[in-house]
Amino acid sequence: MCGIVGAVATKDVVPVLLQGLNRLEYRGYDSAGVAVLDTEKCLKRVRKPGKIKDLEKALLDDPASGVIGIAHTRWATHGEPSEYNAHPHVCNNSVAVVHNGIIENFEILKEAQQNLDYIFTSDTDTEVIVHQLHQYIDKGASLLDAVKHTVKDLQGAYALGVISTEEPDHLIAARRGSPLVVGLGENANYIASDVAALINETQDFIFLEEGDIAVLKPGKVSVFDCDGNSVERDVHHSKLKTDAVERGEYEHYMLKEIYEQPSAIAETLEGRLGESSVLEASFGPKAKDILDKVKNIQIIACGTSYHAGMIAKYGFESVTGLPCNVEVASEFRYRKHVVLPDTLFITISQSGETADTLAALRLAKELGYKHTLAICNVPESSLVRESELTLMTRAGPEIGVASTKAFTTQLVAILLLLVVLARRFKLPEDIESKVVEQLRKLPGIIDDVLKLDEEIKVFAEEIADKDHALFLGRGMHYAVALEGALKLKEISYIHAEGYPAGELKHGPLALVDANVPIIAVAPNDKLIDKLKSNLQEVRARGGKLYVFADQHANVKADKDTKVIQVAPVDIAVSPIIFTVPLQLLAYHVAVIKGTDVDQPRNLAKSVTVE
């Protein structure tokens with residue numbers, strides 16, 4: 001979603017704001033803007049539709065400077081991408097606001113404000129916030145009190161940065177439902193949607209909790225909870241390195257992150273594997289007692305993480321016999337539930353701030369789910385803080401909107417959890433030892449898969465001019481097909497669908513002709529002969545097949561069937577392995593088509609609104 005940066009210091013903050021926006025561009029990129037209090041304590045605002053580079057150019061033509069300021073990258077919800085809808089929003093040239101989230105009661109507030117002769121200059125829901133603040137200030141409230149009153153009037157989700165000419169020495173931040181961190185510097189303090197925005201300035205952070213309001217001055221930060229009480233929040237020292245969010249030698253973040261998968265997986269496994277077993281203690285001191293009681297599993301996730309959950313379901317049910325339900329978070333929230341006793345409620349999220357997943361977790365607690373576990377990539381996220389058990393994926397920052405290393409490390413984390421749970425159902429030691437051996441080899445196997453890049457480019461060249469594509473898989477690899485289709489559609493804009501290969505005859509065969517490429521994953525598992533029969537159905541109807549096949553699967557190439565052979569691997573890790581070439585395929589198709597690989601249209605990395 002939208003990205004927020006703010007700073008209050010003893011020197012010009014505009015360079016810090018712009019640097020932070022560039023690091024947050026993955027969160028929102030249809031427009032950007034800054035507002036600062038200049039040397040005369042007047043508000044100076046510059047906004048531009050498009051990329052941050054357009055804002056930077058505008059600032060060259062119309063410079064702005066000041067020791068206090070806020071900035072924003074927008075991902076449009078209410079109102080088209082345009083300069084007048086871009087943040088910050090200002091009222092009476094005295095109050096400025098940046099906002100991430102959605103105000104659900106904005107129409108009611110807007111009508112009341114229009115009756116008080118407030119003039120609206122945008123189509124956004126955010127503008128009601130700045131007018132509401134101005135109302136309270138106009139009645140004599142301090143800026144802090146105005147924020148406290150205003151947030152009580154808002155329904156929905158928000159992260160806010162607020163500055164005012166009335167009190168030009170401090171910046172106020174508030175959050176509910178959307179992430180916001182406070183960075184602690186020397187003679188300067190900052191706010192941002194993400195730690196990555198500020199790592200050049202500080203590595204010490206306060207993670208604001210639900211309902212918190214923070215007052216920032218150059219040498220002081222005060223935090224108030226949702227009841228208005230002054231509170232102390234822990235200071236966390238981030239281990240994130242500045243080069244972790246740089247592209248380096250790679251043309252795109254997505255390509256960098258695909259090639260980081262061997263090291264990301266190695267990091268995920270670090271300290272979690274014994275000589276021939278998974279170390280249960282790495283799941284936390286409460287894990288044993290909780291896992292001993294598990295009789296059912298409920299998995300909640302969105303997007304790519306949902307595909308990881310689908311793969312987990314196959315593993316949990318086939319190995320442990322535990323019933324496992326997987327559901328999209330946005331659907332889970334809006335239906336009646338049957339809560340089975342001793343259910344482990346698992347949430348999967350890259351960011352840990354996905355609005356629907358967070359809301360589902362909170363609902364689960366209300367419904368009576370007793371034990372929760374988060375599989376997540378961001379240790380300081382809301383999801384992690386609100387879950388009983390956590391399993392960090394340790395993938396490092398993922399900037400490209402299309403998830404790659406976050407997905408494969410989620411699958412690794414799920415496999416670790418599967419082994420630990422399966423022990424309770426008499427998993428033979430030799431099987432666990434074999435899985436551990438495969439996990440140790442996994443980074444090296446992925447390195448070998450990445451060497452298929454040139455062959456995959458050939459596939460991409462043949463697919464890039466198509467309008468549609470079908471992805472096929474069976475068993476666990478149906479979810480891999482779904483993930484491959486998602487990657488292709490989101491970054492190349494080719495309409496792509498994933499199907500269980502056995503479902504071809506129930507409808508999708510009608511789409512098969514020479515102009516619809518059929519991409520299949522063919523591991524050497526017990527369903528391989530069934531898959532081959534499905535591929536024959538495609539051949540018989542003139543379809544063009546592009547198959548990623550285990551070397552031992554014996555899938556033959558011919559004039560209408562192109563095959564790339566993948567090194568043989570155990571079924572336990574095969575979904576991870578077969579995902580990687582589909583990532584590369586999507587990437588190269590997008591590059592050939594000239595689309596924006598890292599920031600595909602209409603999408604944002606962290607979906608912090610419903």
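Need at least 3 residues that are closer than 24 Å to residue 599 by Cβ and of a type outside the set (D, E, K, R) per element, so show me which strands (runs of 3 or more DSSP E) inside the stretch 36-148 make the cut, counting only ones lying wholly within it.
68-74, 95-103
Quick check on my filter: what residues within the stretch 383-405 are open to solvent by less than 20 Å² (accessible area, probe 1.4 Å) and part of a strand (DSSP E or B)?
389, 391
Limited to the stretch 250-301, what total is found for residues that are aromatic (Phe, Trp, Tyr), in contact with a helix residue (DSSP H, G or I) (Cβ under 7 Å, 6 or more places away or on another chain) and modelled with pLDDT of 90 or more?
2
As an exercise: evaluate residue 433 against (1) more than 19 Å from the chain's Cα centre (by Cα); (2) open to solvent by 20 Å² or more (accessible area, probe 1.4 Å); (3) within 16 Å of residue 299 (Cβ to Cβ) and give the number of the one condition it does not meet.
Every listed condition holds for residue 433 apart from (3).
Scan the stretch 159-177 and give yes if some residue there is under 23 Å from the mean Cα position of the chain (by Cα), within 10 Å of residue 214 (Cα to Cα) and modelled with pLDDT under 95, otherwise no.
yes
Let's see how each residue does on (1) open to solvent by 20 Å² or more (accessible area, probe 1.4 Å); (2) among the acidic types (Asp, Glu):
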{"residue": "276", "(1), (2)": "yes, no"}
{"residue": "287", "(1), (2)": "no, no"}
{"residue": "290", "(1), (2)": "no, no"}
{"residue": "325", "(1), (2)": "yes, no"}
{"residue": "331", "(1), (2)": "yes, yes"}
{"residue": "355", "(1), (2)": "no, no"}
{"residue": "363", "(1), (2)": "yes, no"}
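Which of the following residues is assigned to a loop (DSSP other than H, G, I, E, B), within 21 Å of residue 411 (Cα to Cα) and in contact with a Leu (Cβ under 7 Å, 6 or more places away or on another chain): 586, 572?
Step by step, each of 586, 572 is checked, and only 572 is assigned to a loop (DSSP other than H, G, I, E, B), within 21 Å of residue 411 (Cα to Cα) and in contact with a Leu (Cβ under 7 Å, 6 or more places away or on another chain).
For the stretch 181-230, name all the residues that are among the hydroxyl-bearing types (Ser, Thr, Tyr) and buried (at least 18 other Cβ atoms within 10 Å of the Cβ).
Scanning the stretch 181-230 gives 190, 193, 202.
Going through the stretch 482-512 one residue at a time, which ones are among the charged types (D, E, K, R) and either free of Cβ contacts under 8 Å to residues at least 12 places away in the same chain or farther than 20 Å from residue 582 by Cα (or both)?
489, 503, 505
Can you give me the number of residues within the stretch 212-226 that are touching a residue at least 60 places away in the same chain (Cβ under 8 Å) and under 25 Å from the mean Cα position of the chain (by Cα)?
Going through the stretch 212-226 one residue at a time, the tally reaches 1.
Can you work out which of the residues in the stretch 90-105 that are open to solvent by 10 Å² or more (accessible area, probe 1.4 Å) and of a type in the set (A, V, I, L, M, F, W, C) is farthest from residue 5 (Cα to Cα)?
My answer is 102.
The values are calculated or read from the model by the stated rules, or taken from the named source; none is laboratory data. Keep in mind it's a predicted model, so treat the numbers as computed, not measured. Cβ: placed from backbone, ideal geometry, glycine included. Neighbour counts: every protein chain shown. To get the accessible areas, we keep the full protein, side chains included, count just its heavy atoms, and leave off ligands, DNA and RNA. Shrake-Rupley method; radii C 1.70, N 1.55, O 1.52, S 1.80 Å.
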